[in-house]
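Heads up: the structure comes next, in structure tokens.
The values are calculated or read from the model by the stated rules, or taken from the named source; none is laboratory data. Since this is a predicted model, take the numbers as computed values, not measurements. Positions of Cβ are generated from backbone atoms using ideal geometry, with glycine treated the same way; all protein chains shown enter the neighbour counts.
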Amino acid sequence: MIILNTSKLAEIFVLTDDFMKEFTPFLEQKLIGTKAWRGKMSKSEMMTIVIFFHLSGIRCFSWYYKQIVKEHLSSYFPDTYTYERFVAQMKHIQLELYAFLHHFCIGKPTEANYIDSKPLEVCHIKREKLHQVFLHIAQKGVTSKGFFYGLKLHLLCNQQGEILKIRVTSGNVADNNAELLKSMLKGFEGTVYGDKGYISKLKKALQEQGCKLITKIRKNMKKPVLTQKERYYLKKRTLIETVFGQMVNQCQIEHTRHRSPINCMVNLWAGIIAYNFLDHLPKIADFDMKDLDQANVVLLKY
């Protein structure tokens, strides 16, 4: 049995429709040669359908659109395209989804912030030389689990599980790439925690701008001097792994059946937006010295 939360559907549509009313005139002023949208479905309706798919728990978009949208949600979307026409029109909402993501889903820095990357495979590594959809876009990369062929999603989040910054690169871009780090942490002030992949010579430069980058260290490195608070938050770095886990398992941001790079981005942005509509985001508690003192107390009975 599939249970759909129609109140969540209405919430998404209201937010996207209000956003599009402000964004459309702004876009028409900035872009040259833009034409008025004349589709029988509005862009806010299309955005709502794509975002809600990532919250439905259904894995096949074709089945979701034909059986759920056109049958069970026909009262919400009376003028729907055919499935083939809808997929062809999805490329026209890629920019709008990306703008909505940055307008609605970006949170504020907290006491602890976390940075990491997630490989997005576009095909099996053995088929990399035959794959044509992401030709010259996807690249061969390596993680702790081995080699993959695809893209990389770089993410910065706060301790409430809210997204702060997002970048998508080819799979061969290292986590501690100088240009990437400068882009991700430009103008950022606060403490950022990462794994060993973020060990970089830019730490001093970042600290001058007010951004302290704390990472795990390798065995041959000298242990840094960290406060109890910093050690506490560094141990909680798995928070961002949980964020990625929910994006992949619940919001389906990754699959290897894409037939268009643009529609891949539509799927990715919609999935990340859907993550922000989950009822509960992963988070960690603030550091409390009292709790730490109580945890270190051992009672002996004689």
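Name the one entry in I272, I262, I240 that is of a type outside the set (F, W, Y), outside any loop (DSSP other than H, G, I, E, B), under 24 Å from A112 (Cβ atoms) and touching a helix residue (DSSP H, G or I) at 6+ places or on another chain (Cβ under 8 Å). Please lay out each step first, then the result.
Numbers: I262 fails: under 24 Å from A112 (Cβ atoms); I240 fails: touching a helix residue (DSSP H, G or I) at 6+ places or on another chain (Cβ under 8 Å).
Result: I272 is the single residue among I272, I262, I240 that is of a type outside the set (F, W, Y), outside any loop (DSSP other than H, G, I, E, B), under 24 Å from A112 (Cβ atoms) and touching a helix residue (DSSP H, G or I) at 6+ places or on another chain (Cβ under 8 Å).
Whether any residue in region 145-163 is assigned by TED's automatic domain parsing to the domain that holds Q252, over 23 Å from A274 (Cα atoms) and in a loop (DSSP other than H, G, I, E, B) is what I want to check.
Scanning region 145-163, I find at least one residue that is assigned by TED's automatic domain parsing to the domain that holds Q252, over 23 Å from A274 (Cα atoms) and in a loop (DSSP other than H, G, I, E, B), so the answer is yes.
Conditions (1) in contact with a Cys (Cβ under 6 Å, 6 or more places away or on another chain); (2) closer than 21 Å to K8 by Cβ; (3) at pLDDT 90 or above, marked per residue:
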| site | (1), (2), (3) |
| --- | --- |
| W37 | no, no, no |
| F52 | no, yes, yes |
| L55 | no, yes, yes |
| W63 | no, yes, yes |
| I68 | no, yes, yes |
| L73 | no, yes, yes |
| L95 | no, no, yes |
| L101 | no, yes, yes |
| S117 | no, no, yes |
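Considering each residue of region 174-232, count those that are touching a residue at least 12 places away in the same chain (Cβ under 8 Å) and outside any loop (DSSP other than H, G, I, E, B), and give that number.
Here the count works out to 24.
Quick check on this structure: which one of F19, F52, F26, F13 is over 22 Å from the mean Cα position of the chain (by Cα), outside any loop (DSSP other than H, G, I, E, B) and surrounded by 10 or more Cβ atoms within 10 Å (Cβ to Cβ)?
Being over 22 Å from the mean Cα position of the chain (by Cα), outside any loop (DSSP other than H, G, I, E, B) and surrounded by 10 or more Cβ atoms within 10 Å (Cβ to Cβ) holds for just one of F19, F52, F26, F13, which is F26.
Quick check on this structure: which one of V133, V142, V122 is part of a strand (DSSP E or B), surrounded by 16 or more Cβ atoms within 10 Å (Cβ to Cβ) and modelled with pLDDT under 95?
Values: V133 fails: part of a strand (DSSP E or B); V142 fails: surrounded by 16 or more Cβ atoms within 10 Å (Cβ to Cβ).
Selected residue: V122, the only one of V133, V142, V122 that is part of a strand (DSSP E or B), surrounded by 16 or more Cβ atoms within 10 Å (Cβ to Cβ) and modelled with pLDDT under 95.
For region 17-69, name all the residues that are in contact with a helix residue (DSSP H, G or I) (Cβ under 9 Å, 6 or more places away or on another chain), under 20 Å from R85 (Cβ atoms) and of a type in the set (S, T, N, Q).
S42, S44, T48, S62
Could you tell me how many of the residues in region 243-257 are surrounded by 15 or more Cβ atoms within 10 Å (Cβ to Cβ) and not in a loop (DSSP other than H, G, I, E, B)?
Total meeting the criteria: 5.
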